[in-house]
Amino acid sequence: GLLEHVDFDTQVVVTDPEGHIQRPDMVVRLPGGKSIPIDAKVPYSDYQRACEIPETASPEELERRNALLQAHAKAMREHVKTLGDKAYWNAFETAPDFVIAFIPNESLLQAALEADPTLMDDAFARKVALTSPVTLWAVLKSVAFAWQQQSLTDDAKKLFDLSRELYERFSVLGDKANKLGTAITRTVGAYNQFASSLESRVLVTARKLQKIDHTKVIEPVELIDPDKANLRELTAPEIQPESDD
């Protein structure tokens, strides 16, 4: 569920505050600009040689097998110490103060823990999280889910911002509608005054000229009914002018 170069990067080269170059094998990006470094380098040669010795081998071979597993656990402990000393997290501004040490084989990690039972606790003390494929898969799925939730949160915020902007614009539009209605009402009043003056002061005299030319009839000028001309004023509180108080 993660996209390379968007949610994670591989073979990253970073520099810590002391100028040391660090090369984590993967950097997983978390919502909020945070990052988790992952190191996938792990010793396995001793474990591989131990696995070549079957359970039915001679006592001498089985003893050598146990010695190889002890050497494997020791190499794993040295690897943990090296990762802890590198302090990958210092090379990132917003990274948790630990590094994930990816062990690409469940039995590889299990063999080291059986030979050295305190290895896991000591690794955590050094801020190194020993992680098997199953555990890493769970971590990455959790990160992917976090990104999905972040996407939903971002969409909700965008919707809220757009709704607020639309609300404010409706308020402005309502105010303009009120002003337009007031202007239309005033225009109707001015027209009625003009029509009344025209009818009572001008056309009364002009109609006397109809006796000269009966083909020209001056029709009466109708007034606009104020009840039909008065527009409804918008009264929503969002579009009312703000008080100076």
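Counting only Cα atoms, I'd like the Rg/Rh figure for the range 171-228, Kirkwood definition for Rh.
1.26
Cross-link partners among lysines for K34, C-alpha distance below 30 Å, same-chain residues fewer than 8 apart left out?
Once the sequence-local lysines are set aside, what remains near K34 is K81, K86, K127, K141, K157, K158.
Could you name the lysines whose alpha carbon sits less than 28 Å from that of K216, not counting residues in the same chain fewer than 8 places away?
Straight-line reach from K216, under 28 Å: K208.
Enumerate by residue number the GluC sites (Glu not before Pro) in the range 80-127 meeting two conditions: DSSP loop (anything except H, G, I, E, B), and at most 13 other Cβ atoms within 10 Å of the site's Cβ.
Taking the range 80-127 and a limit of 13 other Cβ atoms within 10 Å, the loop GluC sites (Glu not before Pro) found are E93.
Starting from the Cα of D122, step 7 Å toward the Cβ, then list every residue of the range 71-106 with an amide N under 14 Å from that point.
71-85
Within straight cross-link reach of K74, meaning Cα distance under 17 Å, which lysines are found once same-chain residues fewer than 8 apart are removed?
Hits, sequence-local ones excluded: K41.
What is the Cα centroid distance between the range 161-216 and the range 62-78, reported in whole angstrom?
Rounded to whole Å, the Cα centres lie 100 Å apart.
Among L68, L140, which comes first, then next, by fewest other beta-carbon atoms within 10 Å?
Taking fewest neighbouring Cβ atoms as first place, the list is L140, L68.
Computed from the coordinates by the stated procedures, all read-outs in this text should not be read as laboratory data. Model, not experiment: these values are computed from the prediction. Positions of Cβ are generated from backbone atoms using ideal geometry, with glycine treated the same way; all protein chains shown enter the neighbour counts.
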